[in-house]
Protein chains: 2
Amino acid sequence: MLYIVATPIGNLGDITYRAVETLKKVDLIACEDTRTSGVLLKHYDIEKPLLSYHSHSGVAKVDKIMKYLQEGKTVALISDAGTP
Amino acid sequence: MLYIVATPIGNLGDITYRAVETLKKVDLIACEDTRTSGVLLKHYDIEKPLLSYHSHSGVAKVDKIMKYLQEGKTVALISDAGTP
């Protein structure tokens, strides 16, 4: 299962309870910049494996995410801010 | 201070942390239907004085809200769902 999760634009409080709940339950979080998303995830005590994934990512990254999904694992896709 | 607060459309988890924080700190919550908003507020353990305020409300209701604001109190305006 792949979740597309919207993250705050500027104020860390601007994220929904369901978004945080989703990030807390997935097996992997794919994010644009692990340092940027790290600030948000740390704020909400979310410790999950992170995978950087952005517009310049190669096919190997897509394969990695697809492998997770095919194994029945859950992945959340987030961007630095807003909705991916 | 008057806060315009967006509330969930369908899923109670679709409200931001900042919105809940705001509803928890204000002196009065003006809502369309106190029973409808009561479900949301109870879910988040928010106990505040409620004032029904909707498109058919008379000038007296506006006066009441204005009085609160002029006294330096804080008011949150919410609708049954979404952004007022």
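Each reported figure results from applying straightforward, stated rules to the coordinates on display, with no laboratory input. As the structure is a computational prediction, the values presented were derived from the model and not from experiment. In this analysis, Cβ positions are derived from the backbone assuming ideal geometry, glycine residues included, and neighbour counts consider all displayed protein chains.
What tally of residues in the stretch B:9-39 results from selecting those that are part of a loop (DSSP other than H, G, I, E, B) and of a type in the set (A, V, I, L, M)?
Qualifying residue count for the region: 4.
Exactly one residue out of B:L12, B:L2 is closer than 28 Å to A:K24 by Cβ and touching a helix residue (DSSP H, G or I) at 6+ places or on another chain (Cβ under 9 Å): that is B:L12. Of these, A:Y44, A:Y17, which one is hydroxyl-bearing (S, T, Y), in contact with a Lys or Arg (Cβ under 9 Å, 6 or more places away or on another chain) and within 14 Å of another protein chain (Cβ to nearest Cβ)? Result: A:Y44 is the single residue among A:Y44, A:Y17 that is hydroxyl-bearing (S, T, Y), in contact with a Lys or Arg (Cβ under 9 Å, 6 or more places away or on another chain) and within 14 Å of another protein chain (Cβ to nearest Cβ).
Take A:Y3 and tell me if it is assigned to a strand (DSSP E or B), farther than 26 Å from B:T22 by Cα and aromatic (F, W, Y).
yes
Taking the criterion of being over 22 Å from A:G10 (Cα atoms) and either within 8 Å of another protein chain (Cβ to nearest Cβ) or of a type outside the set (A, V, I, L, M) (or both), the residues of the stretch B:1-11 that qualify are B:G10, B:N11. Once the stretch A:40-77 is narrowed to residues that are assigned to a loop (DSSP other than H, G, I, E, B) and in contact with an Asp or Glu (Cβ under 8 Å, 6 or more places away or on another chain), the residue that is nearest to A:D14 (Cα to Cα) is A:K48.
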